[in-house]
1. Can you go through 59, 106, 69, 114 and tell me which one is crowded, with 20+ Cβ neighbours inside 10 Å, within 17 Å of residue 15 (Cα to Cα) and either among the polar types (S, T, N, Q) or in contact with a helix residue (DSSP H, G or I) (Cβ under 6 Å, 6 or more places away or on another chain) (or both)?
2. Which pairs have Cβ atoms under 7 Å, sit 6 or more apart or on different chains, and link a residue in the range 85-97 that is modelled with pLDDT of 95 or more and outside any strand (DSSP E or B) to one that is surrounded by fewer than 17 Cβ atoms within 10 Å (Cβ to Cβ) and not aliphatic (A, V, I, L, M)?
3. Return a yes/no flag: does the range 58-66 have any residue that is at pLDDT 95 or above, within 18 Å of residue 105 (Cα to Cα), in a loop (DSSP other than H, G, I, E, B) and small (Gly, Ala, Ser).
4. Pick out the one residue from 38, 5 that is surrounded by 15 or more Cβ atoms within 10 Å (Cβ to Cβ) and either in contact with a strand residue (DSSP E or B) (Cβ under 7 Å, 6 or more places away or on another chain) or at positive phi (or both).
5. Among the numbered criteria (1) part of a loop (DSSP other than H, G, I, E, B); (2) touching a residue at least 12 places away in the same chain (Cβ under 8 Å), which single criterion is violated by residue 76?
6. Identify the single condition in (1) closer than 16 Å to residue 12 by Cβ; (2) out of contact with any strand residue (DSSP E or B) (no Cβ under 8 Å at 6 or more places or on another chain) that residue 96 does not satisfy, given that it satisfies every other one.
7. Does the range 19-53 hold any residues that are small (Gly, Ala, Ser) and in contact with a helix residue (DSSP H, G or I) (Cβ under 6 Å, 6 or more places away or on another chain), and which are they?
Amino acid sequence: MQLQLLKSKIHRVKITQAELHYVGSITLDENLMDAAQLFENEKVQVVNVNNGERLETYVIKGQRGSGTVCLNGPAARKAAVGDVVIIISYAGMSPEEAKTHQPILVFPDDKNQVI
């Protein structure tokens, strides 16, 4: 049996851009990706603290150190620039692995920089 557990979470970053006319995904500052151990094209859940919207998409790399958190494509309609979101990734693991698993929690500052 495989369980789905929290792998990592970027807690409370601000949306810096919303690009409706784009293929789709969420663009993240590469420093945020590294801190949360997110891979390019990895599936994530995005939870909007301001309006309660939840969506799934995949990650693409943004410029390192830029603080970029940009929703692209149809997801751009789910948040406004300045909205606070939580970005969550999950991983499948056995019950034995789950017993010792510790998720990665990232708490950026108000400019989306890793502290």
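The values are calculated or read from the model by the stated rules, or taken from the named source; none is laboratory data. Please read these numbers as outputs of a predicted model, since none were measured by experiment. We place every Cβ from the backbone using ideal geometry, glycine too, and count neighbours over all the protein chains shown.
1. Working: 59 fails: either among the polar types (S, T, N, Q) or in contact with a helix residue (DSSP H, G or I) (Cβ under 6 Å, 6 or more places away or on another chain) (or both); 69 fails: either among the polar types (S, T, N, Q) or in contact with a helix residue (DSSP H, G or I) (Cβ under 6 Å, 6 or more places away or on another chain) (or both); 114 fails: crowded, with 20+ Cβ neighbours inside 10 Å.
Only one candidate passes the filter, namely 106.
2. Close Cβ pairs (under 7 Å, with a partner that is surrounded by fewer than 17 Cβ atoms within 10 Å (Cβ to Cβ) and not aliphatic (A, V, I, L, M)) amount to 94/2.
3. From the range 58-66, those at pLDDT 95 or above are 58-66; that's our starting set.
Those still in the list that are within 18 Å of residue 105 (Cα to Cα) too: 59.
Then keep just the ones that are in a loop (DSSP other than H, G, I, E, B); that gives none.
No, every residue in the range 58-66 fails to be at pLDDT 95 or above, within 18 Å of residue 105 (Cα to Cα), in a loop (DSSP other than H, G, I, E, B) and small (Gly, Ala, Ser).
4. Values: 5 fails: surrounded by 15 or more Cβ atoms within 10 Å (Cβ to Cβ).
Residue meeting the stated conditions: 38.
5. Failed condition: (1).
6. (1)
7. Pass one, the range 19-53, residues small (Gly, Ala, Ser): 24-25, 35-36, 52.
Passing the criteria: only 24.
Residues checked against (1) at pLDDT 95 or above; (2) farther than 12 Å from residue 91 by Cβ; (3) assigned to a loop (DSSP other than H, G, I, E, B):
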site: 11; (1), (2), (3): yes, yes, no
site: 18; (1), (2), (3): yes, yes, no
site: 23; (1), (2), (3): no, yes, yes
site: 37; (1), (2), (3): yes, no, yes
